[in-house]
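For reference, the structure discussed in these notes is given below.
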Amino acid sequence: MTKENSSLTPKKVPSIYPSRTKKQVTFIFLVILGIYLFSMYWTQREMVGGIGGALGNMYTVIEKFFPPNFAVLPALLDPMIQTIQMAIIATTVAAILTIPLAILSAQNVTTFKPIYYVTKTFLNLLRTIPDLVLAVIFVGLFGIGLFPGILALVIFSLGILAKLVGETIESVDMNPLEAMRASGGNPLQVIWYALVPQVLPQYTSLVLYVFEINIRASVVLGYVGAGGIGLILNQQLGFYNYPNAMAIIIVIFVVVIIIEYISNKLREALI
Amino acid sequence: MENLILPPKPKNSLFKKIKVIVITILVIALYLWTFTSIDIDWGRAIERALNNFQRVIPRLFSPDWSAAGEVALSMLETVFIAFAGSLMAALLSVPLAFLAANNMMGKYLSVIGKWILSAVRAFPDLILAILFVVAVGPNAFAGVLAIAIGSTGMLGKMFSEIIESIDMQVVEAMQANGANKIQILFYAVMPQIIPEFLSYAIYRFEVDIRASSILGIVGAGGIGTMIIFASNNRNWNEMGMILLAIIVVVTIIDFASSKIRNKIV
(Lines give C-alpha, C1' and ligand atoms only; values in the text may rest on other atoms or scores of the structure.)
Protein backbone atom coordinates (compact mmCIF):
# COMPACT_ATOMS: atom_id res chain seq x y z
CA MET A 1 0.00 0.00 0.00
CA THR A 2 2.45 2.57 1.16
CA LYS A 3 4.76 1.85 -1.71
CA GLU A 4 2.09 2.50 -4.28
CA ASN A 5 1.00 5.68 -2.54
CA SER A 6 4.49 7.06 -2.27
CA SER A 7 5.09 6.55 -5.94
CA LEU A 8 2.19 8.91 -6.64
CA THR A 9 3.81 11.81 -4.82
CA PRO A 10 7.10 13.31 -5.92
CA LYS A 11 10.22 12.08 -4.11
CA LYS A 12 10.82 15.40 -2.43
CA VAL A 13 7.74 17.09 -1.03
CA PRO A 14 8.04 20.82 -1.75
CA SER A 15 7.62 23.01 1.30
CA ILE A 16 4.43 25.04 1.55
CA TYR A 17 6.46 28.15 2.32
CA PRO A 18 8.42 29.91 -0.45
CA SER A 19 12.18 29.81 0.01
CA ARG A 20 12.37 33.61 0.19
CA THR A 21 10.12 33.67 3.27
CA LYS A 22 12.21 30.92 4.78
CA LYS A 23 15.39 32.91 4.27
CA GLN A 24 13.79 36.02 5.72
CA VAL A 25 12.52 34.19 8.79
CA THR A 26 15.90 32.56 9.36
CA PHE A 27 17.61 35.92 9.04
CA ILE A 28 15.24 37.62 11.49
CA PHE A 29 15.59 34.72 13.90
CA LEU A 30 19.39 34.97 13.79
CA VAL A 31 19.31 38.73 14.35
CA ILE A 32 16.99 38.34 17.35
CA LEU A 33 19.17 35.57 18.76
CA GLY A 34 22.27 37.71 18.23
CA ILE A 35 20.80 40.73 20.03
CA TYR A 36 19.58 38.46 22.80
CA LEU A 37 22.98 36.87 23.36
CA PHE A 38 24.64 40.28 23.30
CA SER A 39 22.09 41.67 25.78
CA MET A 40 22.67 38.73 28.09
CA TYR A 41 26.43 39.27 27.89
CA TRP A 42 26.07 43.03 28.42
CA THR A 43 23.72 42.83 31.39
CA GLN A 44 25.81 40.17 33.11
CA ARG A 45 29.23 41.71 32.59
CA GLU A 46 29.24 43.41 36.01
CA MET A 47 27.91 40.42 37.84
CA VAL A 48 30.16 38.68 40.30
CA GLY A 49 30.18 34.90 39.95
CA GLY A 50 28.05 34.73 36.80
CA ILE A 51 24.69 33.08 36.50
CA GLY A 52 25.70 30.00 38.48
CA GLY A 53 26.60 32.12 41.49
CA ALA A 54 23.34 34.00 41.14
CA LEU A 55 21.26 30.84 41.28
CA GLY A 56 23.17 29.76 44.36
CA ASN A 57 22.32 33.11 45.93
CA MET A 58 18.61 32.51 45.45
CA TYR A 59 18.72 30.17 48.42
CA THR A 60 20.37 32.81 50.60
CA VAL A 61 17.64 35.23 49.59
CA ILE A 62 14.93 32.84 50.71
CA GLU A 63 16.85 32.35 53.93
CA LYS A 64 17.08 36.11 54.46
CA PHE A 65 13.47 36.96 53.60
CA PHE A 66 11.74 34.07 55.34
CA PRO A 67 9.95 33.78 57.65
CA PRO A 68 8.29 37.16 57.11
CA ASN A 69 7.78 39.17 60.28
CA PHE A 70 4.01 39.66 60.51
CA ALA A 71 4.32 41.53 63.81
CA VAL A 72 4.61 44.72 61.73
CA LEU A 73 1.13 44.29 60.24
CA PRO A 74 -0.67 46.86 62.48
CA ALA A 75 1.90 49.50 61.53
CA LEU A 76 1.25 48.82 57.84
CA LEU A 77 -2.48 49.54 57.95
CA ASP A 78 -2.19 53.33 57.73
CA PRO A 79 0.31 53.52 54.84
CA MET A 80 -1.64 50.87 52.93
CA ILE A 81 -4.87 52.86 53.33
CA GLN A 82 -3.02 55.99 52.21
CA THR A 83 -1.80 54.13 49.14
CA ILE A 84 -5.31 53.05 48.19
CA GLN A 85 -6.65 56.56 48.79
CA MET A 86 -3.92 57.98 46.56
CA ALA A 87 -5.03 55.63 43.79
CA ILE A 88 -8.72 56.49 44.28
CA ILE A 89 -8.14 60.25 44.13
CA ALA A 90 -5.75 60.01 41.19
CA THR A 91 -8.11 57.76 39.22
CA THR A 92 -11.05 60.08 39.86
CA VAL A 93 -9.20 63.20 38.78
CA ALA A 94 -7.79 61.43 35.72
CA ALA A 95 -11.25 60.09 34.84
CA ILE A 96 -12.63 63.64 34.81
CA LEU A 97 -9.71 65.22 32.94
CA THR A 98 -9.71 62.43 30.40
CA ILE A 99 -13.15 63.27 28.97
CA PRO A 100 -12.23 66.40 26.97
CA LEU A 101 -8.89 64.89 25.92
CA ALA A 102 -10.52 61.65 24.77
CA ILE A 103 -13.15 63.50 22.76
CA LEU A 104 -10.49 65.70 21.16
CA SER A 105 -8.36 62.65 20.30
CA ALA A 106 -11.22 60.75 18.62
CA GLN A 107 -11.04 61.15 14.88
CA ASN A 108 -14.77 60.72 14.27
CA VAL A 109 -15.96 63.40 16.71
CA THR A 110 -13.16 65.94 16.37
CA THR A 111 -13.40 66.54 12.65
CA PHE A 112 -11.03 69.50 12.81
CA LYS A 113 -7.74 67.72 11.98
CA PRO A 114 -5.10 70.02 13.59
CA ILE A 115 -6.69 69.74 17.06
CA TYR A 116 -6.88 65.97 16.67
CA TYR A 117 -3.20 65.66 15.75
CA VAL A 118 -2.06 68.01 18.52
CA THR A 119 -4.04 66.13 21.18
CA LYS A 120 -2.88 62.75 19.88
CA THR A 121 0.80 63.81 19.89
CA PHE A 122 0.43 65.30 23.36
CA LEU A 123 -1.05 62.05 24.69
CA ASN A 124 1.69 59.98 23.02
CA LEU A 125 4.35 62.14 24.67
CA LEU A 126 2.61 61.87 28.01
CA ARG A 127 2.60 58.09 27.82
CA THR A 128 6.33 57.83 27.17
CA ILE A 129 7.26 59.18 30.62
CA PRO A 130 7.36 56.40 33.26
CA ASP A 131 5.30 57.01 36.41
CA LEU A 132 8.27 56.92 38.76
CA VAL A 133 10.14 59.54 36.74
CA LEU A 134 7.11 61.81 37.08
CA ALA A 135 7.09 61.08 40.80
CA VAL A 136 10.80 61.94 41.11
CA ILE A 137 10.25 65.28 39.39
CA PHE A 138 7.15 66.14 41.43
CA VAL A 139 8.89 65.20 44.67
CA GLY A 140 11.66 67.61 43.66
CA LEU A 141 9.03 70.26 43.02
CA PHE A 142 6.58 69.80 45.90
CA GLY A 143 8.71 68.05 48.50
CA ILE A 144 8.12 64.63 50.04
CA GLY A 145 4.48 63.72 50.62
CA LEU A 146 1.29 62.34 49.14
CA PHE A 147 0.55 65.24 46.81
CA PRO A 148 3.44 64.66 44.34
CA GLY A 149 2.48 60.98 44.27
CA ILE A 150 -1.13 61.74 43.41
CA LEU A 151 -0.07 64.23 40.75
CA ALA A 152 2.30 61.68 39.18
CA LEU A 153 -0.47 59.06 39.11
CA VAL A 154 -2.95 61.52 37.59
CA ILE A 155 -0.65 62.44 34.72
CA PHE A 156 0.51 58.87 34.18
CA SER A 157 -3.02 57.43 34.09
CA LEU A 158 -4.36 60.32 32.02
CA GLY A 159 -2.17 59.26 29.10
CA ILE A 160 -3.39 55.66 29.18
CA LEU A 161 -7.05 56.41 29.93
CA ALA A 162 -7.46 59.14 27.33
CA LYS A 163 -5.98 56.87 24.66
CA LEU A 164 -8.22 53.91 25.54
CA VAL A 165 -11.38 56.04 25.88
CA GLY A 166 -10.52 57.87 22.66
CA GLU A 167 -10.28 54.53 20.84
CA THR A 168 -13.63 53.47 22.32
CA ILE A 169 -15.20 56.69 21.04
CA GLU A 170 -13.72 56.04 17.60
CA SER A 171 -15.41 52.64 17.46
CA VAL A 172 -18.97 53.81 18.25
CA ASP A 173 -21.89 53.54 15.86
CA MET A 174 -21.97 56.90 14.04
CA ASN A 175 -25.59 56.65 12.84
CA PRO A 176 -27.23 58.03 16.02
CA LEU A 177 -24.80 60.95 15.96
CA GLU A 178 -25.62 61.74 12.35
CA ALA A 179 -29.34 61.48 13.06
CA MET A 180 -29.01 63.95 15.92
CA ARG A 181 -27.01 66.33 13.76
CA ALA A 182 -29.52 66.06 10.92
CA SER A 183 -32.36 66.96 13.26
CA GLY A 184 -30.50 70.06 14.39
CA GLY A 185 -28.76 69.03 17.60
CA ASN A 186 -25.82 71.22 18.61
CA PRO A 187 -22.43 69.54 19.28
CA LEU A 188 -23.04 69.28 23.04
CA GLN A 189 -26.46 67.72 22.52
CA VAL A 190 -24.99 65.26 20.03
CA ILE A 191 -22.31 64.23 22.51
CA TRP A 192 -24.69 63.97 25.46
CA TYR A 193 -27.57 62.08 23.84
CA ALA A 194 -25.84 60.04 21.11
CA LEU A 195 -22.26 59.48 22.25
CA VAL A 196 -22.44 59.18 26.04
CA PRO A 197 -24.95 56.29 26.17
CA GLN A 198 -22.76 54.27 23.79
CA VAL A 199 -19.48 54.92 25.57
CA LEU A 200 -20.50 54.94 29.25
CA PRO A 201 -20.20 51.18 30.05
CA GLN A 202 -16.77 50.91 28.37
CA TYR A 203 -15.67 54.16 29.99
CA THR A 204 -16.53 52.89 33.47
CA SER A 205 -14.78 49.60 32.77
CA LEU A 206 -11.65 51.38 31.54
CA VAL A 207 -11.64 53.65 34.60
CA LEU A 208 -11.69 50.56 36.82
CA TYR A 209 -8.87 49.05 34.76
CA VAL A 210 -6.79 52.20 35.21
CA PHE A 211 -7.61 52.07 38.92
CA GLU A 212 -5.97 48.62 39.01
CA ILE A 213 -2.91 50.02 37.24
CA ASN A 214 -2.81 52.94 39.68
CA ILE A 215 -2.96 50.64 42.70
CA ARG A 216 0.03 48.73 41.38
CA ALA A 217 1.89 51.95 40.56
CA SER A 218 1.08 53.64 43.86
CA VAL A 219 2.56 50.87 46.01
CA VAL A 220 6.00 51.66 44.61
CA LEU A 221 5.73 55.46 44.40
CA GLY A 222 6.77 55.79 48.03
CA TYR A 223 10.13 54.44 46.99
CA VAL A 224 11.07 57.89 45.67
CA GLY A 225 9.37 59.73 48.54
CA ALA A 226 5.91 60.15 47.08
CA GLY A 227 3.96 58.67 50.00
CA GLY A 228 2.26 55.38 50.70
CA ILE A 229 3.55 51.96 51.60
CA GLY A 230 6.60 52.12 49.31
CA LEU A 231 8.19 54.58 51.74
CA ILE A 232 8.10 52.00 54.56
CA LEU A 233 9.39 49.30 52.23
CA ASN A 234 12.32 51.49 51.23
CA GLN A 235 13.14 52.19 54.89
CA GLN A 236 13.04 48.52 55.88
CA LEU A 237 15.24 47.50 52.94
CA GLY A 238 17.60 50.33 53.86
CA PHE A 239 17.97 48.78 57.34
CA TYR A 240 18.48 45.34 55.71
CA ASN A 241 15.42 44.24 57.69
CA TYR A 242 14.37 41.59 55.18
CA PRO A 243 11.68 39.74 57.22
CA ASN A 244 9.81 43.04 57.66
CA ALA A 245 10.25 43.84 53.96
CA MET A 246 8.84 40.43 53.04
CA ALA A 247 5.79 41.07 55.26
CA ILE A 248 5.23 44.36 53.40
CA ILE A 249 5.63 42.64 50.02
CA ILE A 250 3.09 39.99 51.01
CA VAL A 251 0.62 42.67 52.18
CA ILE A 252 1.02 44.48 48.84
CA PHE A 253 0.50 41.20 46.99
CA VAL A 254 -2.70 40.38 48.90
CA VAL A 255 -4.16 43.88 48.53
CA VAL A 256 -3.43 43.98 44.79
CA ILE A 257 -5.06 40.57 44.29
CA ILE A 258 -8.18 41.54 46.28
CA ILE A 259 -8.64 44.85 44.46
CA GLU A 260 -8.08 43.22 41.09
CA TYR A 261 -10.65 40.56 41.91
CA ILE A 262 -13.29 43.13 42.91
CA SER A 263 -12.54 45.31 39.90
CA ASN A 264 -12.71 42.30 37.54
CA LYS A 265 -16.11 41.25 38.91
CA LEU A 266 -17.41 44.82 38.55
CA ARG A 267 -16.15 45.05 34.98
CA GLU A 268 -17.69 41.72 34.05
CA ALA A 269 -21.02 42.95 35.42
CA LEU A 270 -20.72 46.17 33.39
CA ILE A 271 -20.11 44.81 29.93
CA MET B 1 -62.53 49.54 19.86
CA GLU B 2 -60.36 46.56 20.26
CA ASN B 3 -57.79 46.52 22.97
CA LEU B 4 -54.37 47.14 21.58
CA ILE B 5 -51.74 44.79 22.88
CA LEU B 6 -48.85 46.94 23.92
CA PRO B 7 -45.40 45.63 24.65
CA PRO B 8 -44.85 45.44 28.40
CA LYS B 9 -43.26 48.50 29.92
CA PRO B 10 -39.74 48.00 31.22
CA LYS B 11 -40.12 47.02 34.85
CA ASN B 12 -38.38 49.28 37.25
CA SER B 13 -38.62 46.86 40.10
CA LEU B 14 -38.07 47.77 43.70
CA PHE B 15 -35.00 45.54 43.86
CA LYS B 16 -33.32 47.38 40.99
CA LYS B 17 -34.05 50.78 42.55
CA ILE B 18 -32.63 49.67 45.88
CA LYS B 19 -29.54 48.32 44.14
CA VAL B 20 -28.89 51.66 42.43
CA ILE B 21 -29.42 53.56 45.68
CA VAL B 22 -27.11 51.26 47.64
CA ILE B 23 -24.36 51.52 45.01
CA THR B 24 -24.67 55.32 44.96
CA ILE B 25 -24.45 55.51 48.76
CA LEU B 26 -21.43 53.19 48.77
CA VAL B 27 -19.59 55.26 46.17
CA ILE B 28 -20.36 58.53 48.00
CA ALA B 29 -19.21 57.00 51.30
CA LEU B 30 -15.98 55.82 49.66
CA TYR B 31 -15.24 59.31 48.38
CA LEU B 32 -16.15 61.00 51.69
CA TRP B 33 -13.83 58.60 53.50
CA THR B 34 -11.04 59.18 51.00
CA PHE B 35 -11.16 62.94 50.86
CA THR B 36 -11.69 63.56 54.58
CA SER B 37 -9.04 61.18 55.89
CA ILE B 38 -6.21 61.88 53.46
CA ASP B 39 -3.76 64.38 54.86
CA ILE B 40 -2.00 66.62 52.42
CA ASP B 41 -0.13 69.60 53.76
CA TRP B 42 -1.29 72.03 51.09
CA GLY B 43 0.44 75.03 52.59
CA ARG B 44 3.82 73.34 52.57
CA ALA B 45 3.38 71.81 49.12
CA ILE B 46 2.46 75.16 47.57
CA GLU B 47 5.24 76.97 49.42
CA ARG B 48 7.79 74.39 48.27
CA ALA B 49 6.47 74.53 44.73
CA LEU B 50 6.79 78.33 44.60
CA ASN B 51 10.33 78.14 45.96
CA ASN B 52 11.44 75.29 43.72
CA PHE B 53 9.66 76.19 40.51
CA GLN B 54 12.47 78.34 39.14
CA ARG B 55 15.07 75.80 40.16
CA VAL B 56 13.36 72.80 38.58
CA ILE B 57 11.17 73.52 35.58
CA PRO B 58 13.37 75.77 33.40
CA ARG B 59 16.33 73.49 33.99
CA LEU B 60 14.35 70.43 32.95
CA PHE B 61 13.81 72.08 29.59
CA SER B 62 17.48 72.90 29.08
CA PRO B 63 19.03 69.43 29.04
CA ASP B 64 22.67 69.00 29.93
CA TRP B 65 24.19 67.88 26.61
CA SER B 66 27.56 67.11 28.20
CA ALA B 67 25.92 64.10 29.85
CA ALA B 68 24.49 62.90 26.55
CA GLY B 69 27.09 60.15 26.03
CA GLU B 70 26.62 58.63 29.46
CA VAL B 71 22.83 58.89 29.17
CA ALA B 72 22.88 57.21 25.76
CA LEU B 73 24.94 54.33 27.13
CA SER B 74 22.58 53.71 30.06
CA MET B 75 19.58 54.03 27.77
CA LEU B 76 21.16 51.35 25.58
CA GLU B 77 21.52 49.15 28.64
CA THR B 78 17.82 49.78 29.39
CA VAL B 79 16.91 48.61 25.88
CA PHE B 80 19.06 45.49 26.37
CA ILE B 81 17.35 44.75 29.70
CA ALA B 82 13.93 45.13 28.11
CA PHE B 83 14.88 42.99 25.10
CA ALA B 84 16.40 40.10 27.04
CA GLY B 85 13.62 40.28 29.63
CA SER B 86 10.73 40.28 27.20
CA LEU B 87 12.24 37.50 25.08
CA MET B 88 12.67 35.34 28.17
CA ALA B 89 9.12 36.17 29.20
CA ALA B 90 7.80 35.27 25.76
CA LEU B 91 9.44 31.84 26.01
CA LEU B 92 8.42 31.25 29.63
CA SER B 93 4.81 32.22 29.09
CA VAL B 94 4.13 29.77 26.23
CA PRO B 95 3.97 26.62 28.42
CA LEU B 96 2.09 28.53 31.13
CA ALA B 97 -0.38 29.80 28.53
CA PHE B 98 -1.05 26.26 27.28
CA LEU B 99 -1.56 25.20 30.89
CA ALA B 100 -4.00 28.04 31.54
CA ALA B 101 -6.01 27.72 28.32
CA ASN B 102 -9.18 25.75 29.06
CA ASN B 103 -9.37 24.10 25.63
CA MET B 104 -5.92 22.49 25.79
CA MET B 105 -5.35 20.88 29.16
CA GLY B 106 -8.03 19.68 31.53
CA LYS B 107 -10.35 22.01 33.39
CA TYR B 108 -8.52 21.71 36.69
CA LEU B 109 -5.06 22.31 35.25
CA SER B 110 -6.41 25.37 33.48
CA VAL B 111 -7.63 26.81 36.79
CA ILE B 112 -4.22 26.15 38.35
CA GLY B 113 -2.49 27.82 35.40
CA LYS B 114 -4.75 30.85 35.64
CA TRP B 115 -4.02 31.16 39.35
CA ILE B 116 -0.25 30.98 38.77
CA LEU B 117 -0.48 33.69 36.12
CA SER B 118 -2.58 36.06 38.19
CA ALA B 119 -0.33 35.53 41.20
CA VAL B 120 2.70 36.49 39.10
CA ARG B 121 0.83 39.51 37.73
CA ALA B 122 0.09 40.86 41.20
CA PHE B 123 3.76 41.69 41.84
CA PRO B 124 4.73 45.15 40.61
CA ASP B 125 7.92 45.05 38.49
CA LEU B 126 9.79 47.16 40.99
CA ILE B 127 9.05 44.74 43.85
CA LEU B 128 10.38 41.86 41.73
CA ALA B 129 13.46 43.95 40.99
CA ILE B 130 14.02 44.46 44.72
CA LEU B 131 13.92 40.70 45.28
CA PHE B 132 16.28 39.97 42.38
CA VAL B 133 18.71 42.71 43.38
CA VAL B 134 19.09 40.96 46.72
CA ALA B 135 19.52 37.65 44.90
CA VAL B 136 21.98 38.46 42.09
CA GLY B 137 23.38 41.77 43.30
CA PRO B 138 22.80 45.32 42.05
CA ASN B 139 23.35 44.90 38.32
CA ALA B 140 21.47 44.87 35.07
CA PHE B 141 20.85 41.13 35.16
CA ALA B 142 18.56 41.61 38.18
CA GLY B 143 16.58 43.93 35.92
CA VAL B 144 16.42 41.30 33.17
CA LEU B 145 15.04 38.73 35.62
CA ALA B 146 12.52 41.19 37.06
CA ILE B 147 11.25 42.09 33.58
CA ALA B 148 11.16 38.43 32.55
CA ILE B 149 9.06 37.31 35.51
CA GLY B 150 6.94 40.49 35.56
CA SER B 151 6.00 40.17 31.89
CA THR B 152 5.30 36.45 32.09
CA GLY B 153 2.11 37.09 34.06
CA MET B 154 0.59 39.45 31.52
CA LEU B 155 1.90 37.69 28.39
CA GLY B 156 0.78 34.30 29.69
CA LYS B 157 -2.73 35.65 30.20
CA MET B 158 -2.83 37.20 26.71
CA PHE B 159 -1.40 34.03 25.12
CA SER B 160 -3.89 31.78 26.90
CA GLU B 161 -6.76 33.97 25.70
CA ILE B 162 -5.43 33.66 22.13
CA ILE B 163 -5.23 29.86 22.49
CA GLU B 164 -8.78 29.78 23.86
CA SER B 165 -10.02 31.70 20.84
CA ILE B 166 -8.60 29.38 18.14
CA ASP B 167 -10.82 27.45 15.75
CA MET B 168 -11.20 24.03 17.42
CA GLN B 169 -12.74 22.45 14.31
CA VAL B 170 -9.31 22.18 12.77
CA VAL B 171 -8.08 20.36 15.85
CA GLU B 172 -11.10 18.03 15.78
CA ALA B 173 -10.60 17.30 12.09
CA MET B 174 -7.01 16.30 12.76
CA GLN B 175 -8.03 14.17 15.73
CA ALA B 176 -10.61 12.42 13.55
CA ASN B 177 -7.88 11.68 11.03
CA GLY B 178 -5.81 10.05 13.73
CA ALA B 179 -3.13 12.67 14.22
CA ASN B 180 -1.20 12.46 17.44
CA LYS B 181 -0.90 15.28 19.98
CA ILE B 182 2.36 16.62 18.60
CA GLN B 183 1.07 16.69 15.04
CA ILE B 184 -2.05 18.53 16.21
CA LEU B 185 0.11 21.04 18.05
CA PHE B 186 2.30 21.72 15.01
CA TYR B 187 -0.25 21.68 12.21
CA ALA B 188 -3.53 22.77 13.83
CA VAL B 189 -2.69 24.97 16.81
CA MET B 190 0.60 26.69 15.97
CA PRO B 191 -0.35 28.23 12.62
CA GLN B 192 -3.36 29.83 14.26
CA ILE B 193 -1.55 31.33 17.22
CA ILE B 194 1.91 32.33 16.01
CA PRO B 195 1.11 35.72 14.41
CA GLU B 196 -0.80 36.93 17.44
CA PHE B 197 1.81 35.57 19.86
CA LEU B 198 4.51 37.51 18.03
CA SER B 199 2.38 40.63 17.97
CA TYR B 200 1.78 40.52 21.74
CA ALA B 201 5.42 39.73 22.47
CA ILE B 202 6.51 42.79 20.48
CA TYR B 203 3.88 44.90 22.23
CA ARG B 204 5.19 43.67 25.56
CA PHE B 205 8.69 44.79 24.52
CA GLU B 206 7.26 48.31 24.15
CA VAL B 207 5.81 48.15 27.66
CA ASP B 208 9.03 46.69 29.04
CA ILE B 209 11.12 49.56 27.68
CA ARG B 210 9.09 51.87 29.92
CA ALA B 211 9.23 49.45 32.84
CA SER B 212 12.97 48.84 32.64
CA SER B 213 13.79 52.54 32.53
CA ILE B 214 12.82 52.85 36.20
CA LEU B 215 14.29 49.61 37.56
CA GLY B 216 17.61 51.32 38.24
CA ILE B 217 15.91 53.19 41.10
CA VAL B 218 16.29 50.00 43.17
CA GLY B 219 19.72 49.25 41.68
CA ALA B 220 18.72 46.94 38.84
CA GLY B 221 20.67 48.72 36.10
CA GLY B 222 19.69 50.86 33.15
CA ILE B 223 18.88 54.54 33.05
CA GLY B 224 17.03 54.44 36.39
CA THR B 225 20.40 54.50 38.15
CA MET B 226 21.09 57.90 36.59
CA ILE B 227 17.58 59.12 37.48
CA ILE B 228 18.14 58.44 41.16
CA PHE B 229 21.60 60.11 41.12
CA ALA B 230 20.30 63.16 39.28
CA SER B 231 17.41 63.49 41.70
CA ASN B 232 19.62 63.11 44.77
CA ASN B 233 22.04 65.74 43.45
CA ARG B 234 19.14 68.01 42.38
CA ASN B 235 20.80 67.99 38.96
CA TRP B 236 17.71 68.92 36.97
CA ASN B 237 19.62 69.67 33.76
CA GLU B 238 20.80 66.09 33.68
CA MET B 239 17.27 64.94 34.52
CA GLY B 240 16.09 66.89 31.49
CA MET B 241 18.60 65.02 29.33
CA ILE B 242 17.47 61.67 30.76
CA LEU B 243 13.82 62.54 30.16
CA LEU B 244 14.61 63.52 26.58
CA ALA B 245 16.44 60.23 26.01
CA ILE B 246 13.53 58.20 27.42
CA ILE B 247 10.95 60.09 25.35
CA VAL B 248 12.95 59.72 22.12
CA VAL B 249 13.77 56.02 22.55
CA VAL B 250 10.26 55.06 23.68
CA THR B 251 8.70 56.97 20.78
CA ILE B 252 10.99 55.34 18.21
CA ILE B 253 10.37 51.85 19.59
CA ASP B 254 6.60 52.40 19.83
CA PHE B 255 6.56 53.52 16.22
CA ALA B 256 8.71 50.65 14.95
CA SER B 257 6.79 48.10 16.97
CA SER B 258 3.38 49.24 15.77
CA LYS B 259 4.64 49.11 12.16
CA ILE B 260 5.94 45.56 12.64
CA ARG B 261 2.76 44.46 14.40
CA ASN B 262 0.59 45.85 11.61
CA LYS B 263 2.61 43.79 9.17
CA ILE B 264 2.37 40.55 11.17
CA VAL B 265 -1.35 40.45 11.93
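The values are calculated or read from the model by the stated rules, or taken from the named source; none is laboratory data. Keep in mind the model is a prediction, meaning the values are calculated, not measured. We place every Cβ from the backbone using ideal geometry, glycine too, and count neighbours over all the protein chains shown. All accessible areas refer to the heavy atoms of the entire protein, side chains included, with ligands and DNA or RNA removed. Shrake-Rupley method; radii C 1.70, N 1.55, O 1.52, S 1.80 Å.
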- Query: Out of all the residues in region B:109-137, which are touching a Phe, Trp or Tyr at 6+ places or on another chain (Cβ under 7 Å) and open to solvent by 10 Å² or more (accessible area, probe 1.4 Å)?
  - Reply: B:Phe123
- Being assigned to a helix (DSSP H, G or I), free of Cβ contacts under 8 Å to residues at least 24 places away in the same chain and open to solvent by 10 Å² or more (accessible area, probe 1.4 Å) narrows it down to one of A:Thr121, A:Thr111, so name that one. A:Thr121
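Restricting attention to region A:58-99, which residues are within 14 Å of another protein chain (Cβ to nearest Cβ) and over 20 Å from A:Phe147 (Cα atoms)? Give the steps one after another, and end with the answer.
Filtering region A:58-99 for residues within 14 Å of another protein chain (Cβ to nearest Cβ) gives A:58-66, A:68, A:77-93, A:95-96.
Across region A:58-99, the qualifying residues are A:Met58, A:Tyr59, A:Thr60, A:Val61, A:Ile62, A:Glu63, A:Lys64, A:Phe65, A:Phe66, A:Pro68.
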- Message: Looking at region B:136-187 only, could you name the residues that are within 29 Å of the chain's Cα centre (by Cα) and outside any helix (DSSP H, G or I)?
- Response: B:Gly137, B:Pro138, B:Asn139, B:Ser165, B:Ile166, B:Asp167
- Task: Output the number of residues of region B:87-98 satisfying the condition of being touching a residue at least 24 places away in the same chain (Cβ under 8 Å) and either under 24 Å from B:Val171 (Cβ atoms) or surrounded by fewer than 19 Cβ atoms within 10 Å (Cβ to Cβ) (or both).
- Result: 7
- When you go through (1) within 13 Å of chain B (Cβ to nearest Cβ); (2) more than 26 Å from B:Ile28 (Cβ to Cβ); (3) modelled with pLDDT of 85 or more one by one for A:Ala179, which number turns out not to apply? (1)
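Go through region A:237-251 and give me each residue that's open to solvent by 30 Å² or more (accessible area, probe 1.4 Å) and at negative phi. Let's see the steps before the verdict.
Within region A:237-251, the first condition is being open to solvent by 30 Å² or more (accessible area, probe 1.4 Å), and the residues that meet it are A:238-241, A:243, A:250.
A:Gly238, A:Phe239, A:Asn241, A:Pro243, A:Ile250 - these are the residues of region A:237-251 that are open to solvent by 30 Å² or more (accessible area, probe 1.4 Å) and at negative phi.
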- Message: I'd like the residue in region B:231-242 that is surrounded by fewer than 24 Cβ atoms within 10 Å (Cβ to Cβ) and at the interface with chain A (Cβ under 8 Å from one of its Cβ atoms) and, out of all such residues, is farthest from B:Ser74 (Cα to Cα).
- Response: B:Arg234
- Query: How many residues, within region A:252-269, are away from chain B (no Cβ under 11 Å) and open to solvent by less than 70 Å² (accessible area, probe 1.4 Å)?
  - Reply: 2
- Query: For region A:250-271, which residues satisfy the criterion of being among the hydrophobic types (A, V, I, L, M, F, W, C) and free of Cβ contacts under 8 Å to residues at least 24 places away in the same chain?
  - Reply: A:Phe253, A:Val254, A:Ile257, A:Ile258, A:Ile262, A:Ala269
- Query: Mind checking whether some residue in region A:217-230 is open to solvent by 50 Å² or more (accessible area, probe 1.4 Å) and either assigned by TED's automatic domain parsing to the domain that holds A:Gly149 or modelled with pLDDT under 85 (or both)?
  - Reply: no
- Item | The listed residue being under 21 Å from B:Ala129 (Cβ atoms), open to solvent by 20 Å² or more (accessible area, probe 1.4 Å) and outside any loop (DSSP other than H, G, I, E, B), out of B:Ile228, B:Ile247, B:Ile209 | B:Ile228
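Is it true that B:Val170 is open to solvent by less than 50 Å² (accessible area, probe 1.4 Å) and not hydroxyl-bearing (Ser, Thr, Tyr)?
Values: open to solvent by less than 50 Å² (accessible area, probe 1.4 Å): no; not hydroxyl-bearing (Ser, Thr, Tyr): yes.
No.
Quick one: which residue in A:Leu164, A:Leu153, A:Leu146 is of a type in the set (A, V, I, L, M) and modelled with pLDDT under 85?
Every option except A:Leu146 fails the conditions.
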- Query: Just checking, which of B:Val218, B:Val207, B:Val248 is at negative phi, within 22 Å of the chain's Cα centre (by Cα) and modelled with pLDDT under 85?
  - Reply: B:Val218
